[in-house]
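The values are calculated or read from the model by the stated rules, or taken from the named source; none is laboratory data. Fair warning: this is a prediction, and the values are worked out from it, not measured in the lab. Don't worry about glycine lacking a Cβ; one is built from the backbone with ideal geometry, like all the others, and counts go over all protein chains shown. Surface areas here come from the heavy atoms of the whole protein model, side chains and all, with no ligands, DNA or RNA. Shrake-Rupley method; radii C 1.70, N 1.55, O 1.52, S 1.80 Å.
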Amino acid sequence: MRYLIKNALIEGKYKANVLIEKGKIRSISDRELEVEEAEVIKADGLWLLPGLVDLHVHSRVPGGEHKEDFKTLTEAALNGGYTHIVCMPNTDPPVDTPEMISYLYTITKNLPVNIFFTGTITKRREGNEIVEIGLMKKAGAVGFTDDGNWVKRADVMLNACIYARKFDAMLISHAEEPTLSKGYANYDKIMLKHGLKFRLPISEEIAVYRDCRLSELTNCHIHIAHVSSAGSVEIIKKFKEKGARVSAEITPHHLIFSTENIDPYDPIFRCNPPIRDEENRKKLVEALKDGVIDVVATDHAPHAYYEKERPIMEALPGIEGLETAFSSLYTHFVLRGMLSLSTLLDVMSYNPGRMLGVDNSIREGNHANFFLFDPKVKWKVKKEDILSKSKNNPFIGRELTGRVVAVFSKGKFLRR
Ligand SMILES: [Zn+2]
């Protein structure tokens, strides 16, 4: 199948016609391309952008299919412009054997999104005995994490680092020291007034420091998931300057929301680590700009209505993000001149892609993994716009600018 995309603005910069053949970008030209038997896609006014790559997604399979399954997850990913996503292993049961990794790749290989899997660091995510890192990597695991839990025992994490280094595997740290993160609210003046139970920034900072130090000691690549505190940014920056193999990610909700602009009792915003104050949020935006934080990952965490719409102390933690990540960050930061489009593409496509060995850049010979984006359209997000099985997306009811119009993924053209 051939496709001819006419008059798209490549990466929002220059106008070109793009010919896709057998799932690959055959040519990019500013001249008319005469092609027989091609489906023509008129893209006047649309941007052609590299497919997004999300390092942190909760598929909920196996065990949580009432929240999401691979079909709805795929639809949600495509709806948000993602062509590559990485699933977390904190399912029920957790993904802690090579057989499970192989099984997950088998059941997802024909879906129109590239889905990658991670394994746990410890068996059953109990924090005591490390998994078969070498065999699981061989089966396709792209990283290892007890996500949702931090590996509390330093001896176990040290051992995991040594093995991971040996097999050149990446460890992903859900950095929250558990004895200081029993509550659900940031510790700041606003939350103090509400008397909510806290998850202190220091719980994250202690965990980030230990894992950066272990990375430095063992030369193992440790990726810090969902950074939320300014203190963590400082620690990561120092270790990066010393040459430690540390990388870090941040979510759209920690970049956009703060305790000053959310209702602290609204369960939709309950997440781990919690939404923090303006001071922390501003520092996170700076860290993304400066390159201290490498990646935006959604931590897409679907929950059923009855699990989320509860009093805040009972609501399950987690926020959905796949379908609104790009538009929300474009609206909040690119349109306001606070981040460039090219930085946004680096942190949402190129940098995470590099960590997976995926190159989604728009050039001749590359696989056709990209999306068409309308940068002008304004839309109020409605429940029906969300294709995930769950609807715990805080942008429902809010107006965004710019929307994904179509996606090319695994050689297929998928119109929204
Ligand atoms: Zn996590």
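Only a single criterion out of (1) open to solvent by 40 Å² or more (accessible area, probe 1.4 Å); (2) under 20 Å from PRO62 (Cα atoms); (3) of a type in the set (S, T, N, Q) is not satisfied by THR179, namely (2).
Evaluated against (1) without any contact (Cβ under 8 Å) to a residue 12 or more places away in the chain; (2) in contact with a helix residue (DSSP H, G or I) (Cβ under 8 Å, 6 or more places away or on another chain), PHE373 falls short on exactly one condition, (1). Just one of the numbered conditions (1) of a type in the set (Val, Ile, Thr); (2) within 16 Å of the ligand (Cβ to nearest atom); (3) closer than 19 Å to ASN280 by Cα is not true of ILE190: (2). Scoring SER340 on the criteria (1) free of Cβ contacts under 8 Å to residues at least 12 places away in the same chain; (2) under 14 Å from GLY81 (Cβ atoms); (3) among the polar types (S, T, N, Q) leaves a single failure, condition (2).
Of everything in segment 137-159 that is touching a residue at least 40 places away in the same chain (Cβ under 8 Å) and assigned to a helix (DSSP H, G or I), the residue that is least open to solvent (accessible area, probe 1.4 Å) is MET157. Criterion applied to ASP54, ASP44, ASP30 was being away from the ligand (no atom under 16 Å from the Cβ) and at pLDDT 95 or above, and the one residue passing it is ASP44. Of the residues contained in segment 58-80, none is found to be at pLDDT below 95 and not in a strand (DSSP E or B). Scanning segment 198-225 for residues that are farther than 14 Å from LEU171 by Cα, within 14 Å of the ligand (Cβ to nearest atom) and not small (Gly, Ala, Ser) turns up ARG199, GLU204. Tell me which strands (runs of 3 or more DSSP E) are completely within segment 1-50 and hold 3 or more residues being closer than 25 Å to LYS376 by Cα and in contact with a strand residue (DSSP E or B) (Cβ under 7 Å, 6 or more places away or on another chain), or say none if there are none. Strands (runs of 3 or more DSSP E) meeting the threshold: 2-10, 14-21, 39-42, 47-50.
Here PHE257 meets the list (1) away from the ligand (no atom under 15 Å from the Cβ); (2) surrounded by 24 or more Cβ atoms within 10 Å (Cβ to Cβ); (3) among the hydrophobic types (A, V, I, L, M, F, W, C) almost entirely, failing just condition (2). Every test in (1) in a loop (DSSP other than H, G, I, E, B); (2) of a type in the set (Val, Ile, Thr); (3) at pLDDT below 95 is passed by THR179 save one, and that test is (1).
For segment 125-136, filtering for residues that are assigned to a loop (DSSP other than H, G, I, E, B), in contact with a strand residue (DSSP E or B) (Cβ under 9 Å, 6 or more places away or on another chain) and crowded, with 19+ Cβ neighbours inside 10 Å leaves 1. Return yes when ARG60 is within 16 Å of the ligand (Cβ to nearest atom) and open to solvent by 10 Å² or more (accessible area, probe 1.4 Å) and no when it is not. Against the criterion (within 16 Å of the ligand (Cβ to nearest atom) and open to solvent by 10 Å² or more (accessible area, probe 1.4 Å)), ARG60 qualifies. Which ones in segment 271-294 are within 14 Å of the ligand (Cβ to nearest atom) and either among the acidic types (Asp, Glu) or open to solvent by less than 30 Å² (accessible area, probe 1.4 Å) (or both)? The answer is CYS271, PRO273, PRO274. Annotation: SER247 fulfils all but one of (1) under 18 Å from ASN186 (Cβ atoms); (2) within 16 Å of the ligand (Cβ to nearest atom); (3) not charged (D, E, K, R); the unmet one is (1). All of THR122, THR108, THR97 fail the test of being in contact (Cβ under 8 Å) with a residue 12 or more places away in the chain, within 16 Å of the ligand (Cβ to nearest atom) and either open to solvent by 30 Å² or more (accessible area, probe 1.4 Å) or among the polar types (S, T, N, Q) (or both), apart from THR122. For ASP374, the conditions (1) open to solvent by 30 Å² or more (accessible area, probe 1.4 Å); (2) farther than 20 Å from ILE41 by Cβ are fulfilled apart from (2).
THR251 satisfies every condition listed in (1) open to solvent by 10 Å² or more (accessible area, probe 1.4 Å); (2) in contact with a Gly (Cβ under 7 Å, 6 or more places away or on another chain) except (1).
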